[in-house]
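Chemist: One structure, as structure tokens, below. Some questions next.
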Amino acid sequence: MSETRESQGRFPAGRSGNPVGRPRGATPAKTLQKLLVADGAQLIQRAFARAHDSDVVLASVVNLIAAAEVATALAGAMAKAKPD
């Protein structure tokens, strides 16, 4: 057993197994956003290729993203074509 843990294997109050911890403000969404900004085109190409090669879960995700993009494009087009 590690010196930092109690006899039952738990960490004492106020102690953590990861003392450095996650940086403040870091979230999975922000990490994903950074990845998309840095390598977005490549990631999307790889996702489409894997979805095409029968990755069912990824195909579902790609379909959801595509549907959201279409909905956004339609909403923008409808906003531009306001009735007189």
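The values are calculated or read from the model by the stated rules, or taken from the named source; none is laboratory data. Just so we're clear, the structure is a prediction, and the values are computed from it rather than from any experiment. Quick reminder, even Gly has a Cβ in these numbers, built from the backbone with ideal geometry, and neighbours come from all protein chains shown.
Chemist: (1) β-branched (Val, Ile, Thr); (2) surrounded by fewer than 11 Cβ atoms within 10 Å (Cβ to Cβ); (3) not in a loop (DSSP other than H, G, I, E, B): which one isn't true of Val61, the others all being true?
Modeler: Among (1) β-branched (Val, Ile, Thr); (2) surrounded by fewer than 11 Cβ atoms within 10 Å (Cβ to Cβ); (3) not in a loop (DSSP other than H, G, I, E, B), Val61 violates only (2).
Chemist: Moving on to the next point. Mind checking whether some residue in the stretch 60-82 is in contact with a helix residue (DSSP H, G or I) (Cβ under 6 Å, 6 or more places away or on another chain) and at negative phi?
Modeler: Yes, some residue in the stretch 60-82 is in contact with a helix residue (DSSP H, G or I) (Cβ under 6 Å, 6 or more places away or on another chain) and at negative phi.
Chemist: Answer with yes or no whether Ala66 is assigned to a helix (DSSP H, G or I), out of contact with any Asp or Glu (no Cβ under 9 Å at 6 or more places or on another chain), modelled with pLDDT of 80 or more and among the hydrophobic types (A, V, I, L, M, F, W, C).
Modeler: Yes; evaluated as a whole, the condition is true for this residue.
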